[in-house]
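> This is the structure, below, for whatever I ask next.
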Amino acid sequence: MGSIVGIVVVVVGILASVALHEVGHMLPAKKFGVLVPDYAVGFGPALWKKKIGDTTYALRAILLGGYVKIVGMYAPARPGTRLVGRSGKPTLAQEAREAAMEEIPEGQESRAFYLLSAPKKVAVMLGGPLMNLLICFVLSAITMVGIGAPTASRMIASVPTTVSNESGDVASPAYEAGVRPGDTVVAWNGQPVATFAELQRAIAATPEGESAALTVERDGATVDLTVTPVTGAQGARLIGVTAAYEYVSASLPDVARANWQMFTGTVSVIVRLPQAVWQVGRSVFTDERRDSSGVVSVVGVGRLAGEVTGDSNALGLRDTRQVVAVLLSLLASLNMALFVFNLIPLPPLDGGHVLGAVFEGARRQFARWRGAPDPGAADTARLVPLTWAVGGLLVAMSVILIVADIVKPVTLS
């Protein structure tokens, strides 16, 4: 039952992220006067829809993403452009241009997307990825600042009666000295202790066989004890105590640094994406173990979320608060992935449209410098064959990853 909760949370989170991505495109488009007739969450038959202004908002039955329809994405062909192929039928580019013109209602021709200036086109197309970046930062801030990270505190959670060393079990130095659960460490040999890590370092620095003064706070009073550390089975110096944990909030600069690290890490994954997908596909048909830090599909993300919230508690999470933090971190990383992936300068990804707008703006600026006539909007419909090719590769990649996540999934344990 717990694993189902994790899967549902991630599915809803992904759906919301995609829906907000489309909002990121819609808002600047409407701001610049472009006609946006449809916005939908999901695909297929409409479960609910309502028209507000020029836009019909809908919730559809197949909750696998969402879309926003922005009219007039492609400009009409310039004079002299080849419109038909050798078979006499319209080219793919011309079919795209005609479809773009047909979707513009009569009298609304001035509200086509292709008529926007290049900077406004860039703003519309970057709106979606930037929305995912914003979601990533907000979720990271909630996780790191609002929830915080579990950190060992100076309070003692447990004091076993024995500890293990190379000779076997021996009496716990802390228990023999009188340390009890609930005590808060104040000082070691008269030196104040601010963190449990400081206590560990002080214990490690204590010579073999030498005793030390341990000061703890108990029931509001200070208690002085004498404890003699021993060397444990792993070679570390210890006294036999386990720290209680407290949640410590990070600062906003910490959040910014974490997001930068997430960004650079995601970029490195995207750069080697073809190789990573090839390795995943090869692992399906061989005994090769999948890379736990490699790429996964939506199915794989759902499985990982199920492990996080499942009864087996694969990550050894301490409480519900930490489970929530891990799920939010997972959604944050997914939104960073959406941000970076959509910036790839290939259609049909947003980065491909941005590249077309940048080319258009540069060409117009160059024409102004030369005193030449405005060359007009870029004929991005010519990239439709590339769009189909890239789209096919994306579908193939998705199929490979989904099959791999079913046949040979990545696990946390």
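> Considering region 142-183 alone, what residues qualify as being among the β-branched types (Val, Ile, Thr), open to solvent by 30 Å² or more (accessible area, probe 1.4 Å) and under 39 Å from the mean Cα position of the chain (by Cα)? Full working, then the answer.
Just the residues of region 142-183 that are among the β-branched types (Val, Ile, Thr), to begin with: 142-143, 145, 147, 151, 156, 159, 161-163, 170, 179.
Okay, now just the ones that are also open to solvent by 30 Å² or more (accessible area, probe 1.4 Å), so 142, 145, 151, 161-162, 170.
If the condition is that a residue be among the β-branched types (Val, Ile, Thr), open to solvent by 30 Å² or more (accessible area, probe 1.4 Å) and under 39 Å from the mean Cα position of the chain (by Cα), then Ile142, Val145, Thr151 are the ones that fit.
> Test of understanding: among Ala16, Ala40, Ala29, which residue is of a type in the set (A, V, I, L, M, F, W, C) and either at positive phi or open to solvent by 40 Å² or more (accessible area, probe 1.4 Å) (or both)?
Details: Ala40 fails: either at positive phi or open to solvent by 40 Å² or more (accessible area, probe 1.4 Å) (or both); Ala29 fails: either at positive phi or open to solvent by 40 Å² or more (accessible area, probe 1.4 Å) (or both).
It is Ala16.
> Here's another thing I want to ask about it. Please go through region 210-231 and pick out each residue that is without any contact (Cβ under 8 Å) to a residue 24 or more places away in the chain, in a loop (DSSP other than H, G, I, E, B) and open to solvent by less than 60 Å² (accessible area, probe 1.4 Å). Before the answer, list the steps.
Filtering region 210-231 for residues without any contact (Cβ under 8 Å) to a residue 24 or more places away in the chain gives 210-211, 219-221, 224.
Then drop every residue that is not in a loop (DSSP other than H, G, I, E, B), which leaves 210-211, 219-220.
The one that is without any contact (Cβ under 8 Å) to a residue 24 or more places away in the chain, in a loop (DSSP other than H, G, I, E, B) and open to solvent by less than 60 Å² (accessible area, probe 1.4 Å): Ser211.
> Next question, about the same structure. Show the residue pairs that are 6+ apart or on different chains and have beta-carbon atoms under 6 Å apart, the first residue being within region 356-367 and within 17 Å of Leu383 (Cα to Cα), the second being β-branched (Val, Ile, Thr) and in a helix (DSSP H, G or I).
From region 356-367, the pairs are Gly356/Thr380; Ala357/Val122.
> I need the full set of residues from region 100-114 which are farther than 11 Å from Leu35 by Cβ, within 38 Å of the chain's Cα centre (by Cα) and either in a loop (DSSP other than H, G, I, E, B) or in contact (Cβ under 8 Å) with a residue 24 or more places away in the chain (or both), in order please. Spell out the reasoning first.
Let us first name the residues in region 100-114 that are farther than 11 Å from Leu35 by Cβ, namely 100-102, 106, 114.
From what is left, the residues that are within 38 Å of the chain's Cα centre (by Cα) are 100-102, 114.
Matches in region 100-114: Ala100, Met101, Tyr114.
> Report those strands (runs of 3 or more DSSP E) wholly inside region 153-199 carrying at least 1 residues which are touching a residue at least 40 places away in the same chain (Cβ under 8 Å). So that I can check it myself, show each step before the final result.
Numbers: elements: 162-165, 168-171, 184-188.
Per the criteria, 162-165, 168-171.
> Among the listed residues Gln234, Gln261, Gln279, identify the single one that is out of contact with any Phe, Trp or Tyr (no Cβ under 7 Å at 6 or more places or on another chain), open to solvent by 40 Å² or more (accessible area, probe 1.4 Å) and under 30 Å from Ser164 (Cα atoms). Before you say what the answer is, go through the steps one by one.
Working: Gln261 fails: under 30 Å from Ser164 (Cα atoms); Gln279 fails: under 30 Å from Ser164 (Cα atoms).
None of the others qualify; the one that does is Gln234.
> Right, another one. Residues in region 49-56: is at least one in contact with a Gly (Cβ under 8 Å, 6 or more places away or on another chain) and surrounded by 16 or more Cβ atoms within 10 Å (Cβ to Cβ)?
In the first step, residues of region 49-56 are kept if they are in contact with a Gly (Cβ under 8 Å, 6 or more places away or on another chain); the result is none.
No, that holds for no residue.
The values are calculated or read from the model by the stated rules, or taken from the named source; none is laboratory data. Bear in mind the structure is a predicted one, so any value in this text is a computation, not a measurement. We place every Cβ from the backbone using ideal geometry, glycine too, and count neighbours over all the protein chains shown. Remember, those area values only see protein heavy atoms, side chains included, never the ligands or the DNA or RNA. Shrake-Rupley method; radii C 1.70, N 1.55, O 1.52, S 1.80 Å.
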